[in-house]
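Report on the following structure.
The values are calculated or read from the model by the stated rules, or taken from the named source; none is laboratory data. All values derive from a computational prediction rather than experimental measurement. No Cβ is skipped: glycine too gets one built from the backbone with ideal geometry, and neighbour counts run over all protein chains shown. Side chains included, ligands, DNA and RNA excluded: accessible areas come from the protein's heavy atoms. Shrake-Rupley method; radii C 1.70, N 1.55, O 1.52, S 1.80 Å.
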Amino acid sequence: MSARIIDGKTISADLRGKVTDAVHRLRRDRGIVPGLAVVLVGHNPASKVYVRNKTKAVAEAGLSAFDQDLPEDVSEVELLDLIARLNGDPQVNGILVQLPLPPQINPDKVIAEIDPDKDVDGFHPLNAGRLASGLPGLVPCTPLGCVRLAKTVHHSLAGLEAVVIGRSNIVGKPLAQLLLAENATVTIAHSKTADLPAVCARADLLIAAMGRPEMVRGQWIKPGATVIDVGVNRVVGEHGKAHIVGDVAYAEAKTIAGAITPVPGGVGPMTIACLLLNTLAAACIQNGLPAPKI
Ligand code: NDP
């Protein structure tokens with residue numbers, strides 16, 4: 001058996017198209033242009049690539065970009081001042097601070113300073129609490145993208161055995177909350193989980209988010225399961241050439257799974273599309289309008 005490939009590029013392009021249409025209608029009917037401020041500190045090469053891709057996607061969707069580039073040695077106070085200014089700027093509906101931050105800055109303090117209604121990354125403790133309590137709020141983009149991908153395979157996630165490997169605040173935990181809200185039966189695995197292969201083997205929906213190159217082997221997967229691979233790992237091949245692999249041994253897994261996301265081209269593009277969706281939703285809510293159902 002060869003698994004159906006869950007094509008994140010095509011699915012995210014469809015979502016981005018719908019967001020672009022909704023942004024166009026918002027501008028035409030209400031004169032509102034959603035604005036996103038992406039704050040980049042320093043010159044981490046990976047962060048620069050992520051920010052460049054986000055900025056391009058923002059422009060293509062018709063949103064306004066208010067990018068902020070700060071030097072590597074910026075102080076925590078200066079960054080917090082900038083966040084306060086962005087919080088007070090009515091043209092800025094979403095604020096995203098690209099992580100990681102340099103060591104002199106406490107990321108928790110910075111995230112807590114962002115107005116929760118502009119927190120399009122969904123990392124603010126208030127939004128984490130809203131998600132855990134089943135209240136409406138902004139939800140982290142990568143978990144949102146994972147659930148949307150899973151729903152291209154399963155009309156409903158209700159009653160499915162879902163296993164999430166990883167319990168970070170930005171992927172594993174919010175993802176588990178979202179799956180619970182979809183009525184899946186959720187297990188969260190982590191580095192102290194005893195017998196991870198046995199836990200994975202019971203999953204109808206297996207989501208790997210631990211940052212360990214190709215750790216999930218084909219024989220861990222329940223035949224026919226849906227596998228979503230969040231991992232992004234840079235590995236150097238035999239000829240010294242670097243390439244990106246996920247957390248799942250893709251070639252093995254695709255002979256056993258029912259459906260699987262590739263890396264790259266799976267979860268990654270969905271994360272950016274969900275960021276655009278969150279910025280649109282934030283703009284609507286800040287203007288007293290319902291968030292669009294897309
Ligand atoms: P973190 O390092 O913050 O968390 C990793 C999690 O995986 C931890 O909970 C850790 O457990 C668990 N883990 C680590 N090793 C093992 C192991 N051997 N067995 C079981 N569990 C293990 O990573 P993130 O959540 O930030 O990211 C995870 C991956 O997703 C990374 O590859 C990252 O690059 C990628 N990513 C991709 C995105 C995208 O858009 N495609 C966006 C965000 C992340 P413990 O808590 O016990 O330490």
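Within straight cross-link reach of Lys173, meaning Cα distance under 18 Å, which aspartates and glutamates are found once same-chain residues fewer than 8 apart are removed?
Asp108, Asp119, Asp121, Glu161, Glu182, Asp229, Asp247
Skipping prolines and chain starts, which residues have an amide H placed within reach, meaning under 5 Å, of the one on Ser64, given they are 5 or more residues away or on another chain?
It is Gly35, Leu36, by chain and number.
Work out from phi, with θ = phi - 60° and the Karplus expression 6.51 cos²θ - 1.76 cosθ + 1.60, the ³J(HN,Hα) of each residue of segment 287-294, listed in order in whole Hz, and give x for Gly and Pro.
Karplus values, whole Hz, x for Gly and Pro: 9, x, 10, x, 5, x, 8, 10.
Among the helices of the chain (complete DSSP H runs), which have Cα atoms covering no less than 18 Å along the helix axis and a Kyte-Doolittle mean of at least 0.5?
Span-like helices in the chain: 267-286.
Ordered by residue, what ³J(HN,Hα) values in Hz, to whole numbers, does segment 219-231 give under the Karplus form 6.51 cos²θ - 1.76 cosθ + 1.60, where θ = phi - 60° and Gly and Pro are x?
6, 7, 8, 5, x, x, 5, 8, 10, 10, 10, 8, x
Using +1 on the beta carbon of Lys and Arg, -1 on that of Asp and Glu, and nothing else charged, what's the dipole of the chain about the Cα centre, debye to 20?
Details: 29 positive and 28 negative charges, 179 e Å.
With only Lys, Arg, Asp and Glu charged at Cβ, the dipole is about 860 debye.
Could you list which residues have their amide H under 5 Å from that of Gly42, counting only those 5 or more apart in sequence or on another chain, with H placed in the peptide plane?
It is Leu70, Glu72, by chain and number.
Amide H neighbours of Ile165 under 5 Å, at least 5 residues apart or on other chains, H built in the peptide plane: list them.
Ala189, Ile207, Ala208, Ala209
Output wanted: per-residue J couplings in Hz (rounded whole) for segment 258-264, from phi through Karplus 6.51 cos²θ - 1.76 cosθ + 1.60, θ = phi - 60°, x for Gly and Pro.
Taking θ as phi minus 60°, the curve returns x, 8, 8, 8, x, 10, x Hz for segment 258-264.
Do any of Lys18/Lys54; Lys18/Lys293; Lys48/Lys118; Lys222/Lys254; Lys48/Lys293; Lys109/Lys192 go past 20 Å between their Cα atoms, and which?
Details: Lys18/Lys54 17 Å; Lys18/Lys293 10 Å; Lys48/Lys118 22 Å; Lys222/Lys254 11 Å; Lys48/Lys293 31 Å; Lys109/Lys192 28 Å.
Flagged as over cut-off: Lys48/Lys118; Lys48/Lys293; Lys109/Lys192.
Could you list the square roots of 5 times each eigenvalue of the Cα gyration tensor of the chain, that is, the equivalent ellipsoid semi-axes, sorted largest first and rounded to whole Å?
32, 22, 18
Keeping all protein chains in place, calculate the accessible area per residue for segment 96-253 (probe 1.4 angstrom), answer in Å².
46 Å²
Taking all protein chains in place and a 1.4 Å probe, what share, in percent, of the accessible surface of the chain do carbon and sulfur account for?
About 55 percent, which is the carbon plus sulfur part of the accessible surface.
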